[in-house]
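See below for the structure under consideration.
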Amino acid sequence: MNQRPALHPTRRRFATLAMTALSALCALPSAAHADALDDIAKSGTVRIGVFEDYPPFGSIGPDMKPVGYDIDVANLIGKALNAKVELVPVTGDNRMAFLADHKADLLLSVGQTPERAKVIDFSQPYAPYYLAVFGPKSLPVKSAADLAGKSISVARGTLEDLSVTKIAPPSANIKRFDDPNGAISAFISGQVQLMVVGNDVGATILARHPANDPEQKFALFSSPDHVGLNKNEPRLKAKVDETIAKARKDGTMNAISQKWLRAPLPADL
């Protein structure tokens, strides 16, 4: 893995001060956006940042319209807010800036980290994201102990590699590939019995390769997805949390999970 060179002490202090100032600015309520929920009600539109190259959470369908787990959730939120949904295409690099600059009212597929929590708020989790072991239904694997004597493909040096190496029995044959595509191809072609990938990738493989009859065996590392929003927006956060809680209770969120991830919403999400 490539590492950035260490900053010169003076630059490091400057970068720390700049980040502190940015955090403070992001935490301050904007006069023009004193209450995002009121702004959404006045405009009749809620702008929601989504990835369009991250299937099955977000991608462009055959009709050139966005589809996916996050698109369904965005529409669910829009309905609850009685607002038209404007999907804002974002990337990993620009989405936090889009939120801070009010180009988006909400962001989807946001993992919660201590660093992000300093500058934005999070809804309760709405979608599972985790690493999992996948394999054919005919192969009985339910726990780490069942990996004994099995061949497993992973991308070398990734979180997938670290996670399965940590729990696999000594007799497990972990085959490491230079990239995720190599690990996936090895499983699909039958070179290995199992593979470790994210549940998003796993869902796509389940959908595209039914002949392999794959299924999720058990989960490893977990980092659920949340809705991200600017700080000091308690009314909007409460409304989003209320929408997610209702959708979980009435089965709507589970149906979305089954549709796009081909797995039920985890009970402990």
Name every residue in the stretch 184-202 that is under 11 Å from Val133 (Cα atoms) and either over 20 Å from the mean Cα position of the chain (by Cα) or not aliphatic (A, V, I, L, M) (or both), in order of residue number. Gln193, Leu194, Gly198, Asn199, Gly202
Can you pull out every residue in the stretch 19-38 that is part of a helix (DSSP H, G or I), surrounded by 13 or more Cβ atoms within 10 Å (Cβ to Cβ), at pLDDT below 95 and not small (Gly, Ala, Ser)? Met19, Leu22, Cys26, His33
Considering only residues that are in a loop (DSSP other than H, G, I, E, B) and among the aromatic types (Phe, Trp, Tyr), look in the stretch 110-165 and name the one that is modelled with the lowest pLDDT. Tyr129
Out of all the residues in the stretch 73-117, which are of a type in the set (Asp, Glu) and without any contact (Cβ under 8 Å) to a residue 24 or more places away in the chain? Asp93, Asp101, Glu115
Residues that are buried (at least 20 other Cβ atoms within 10 Å of the Cβ) and under 30 Å from Phe98 (Cβ atoms): does the stretch 172-192 have at least one? no
Tell me which helices (runs of 4 or more DSSP H) are completely within the stretch 173-251 and hold 2 or more residues being outside the structural domain of Lys79 (by TED's automatic domain parsing) and among the aliphatic types (A, V, I, L, M), or say none if there are none. 180-188, 199-208
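The values are calculated or read from the model by the stated rules, or taken from the named source; none is laboratory data. These numbers come from a predicted model, not from an experiment. For neighbour counting, all protein chains shown are included, and Cβ atoms are generated from backbone atoms with ideal geometry for every residue, glycine included.
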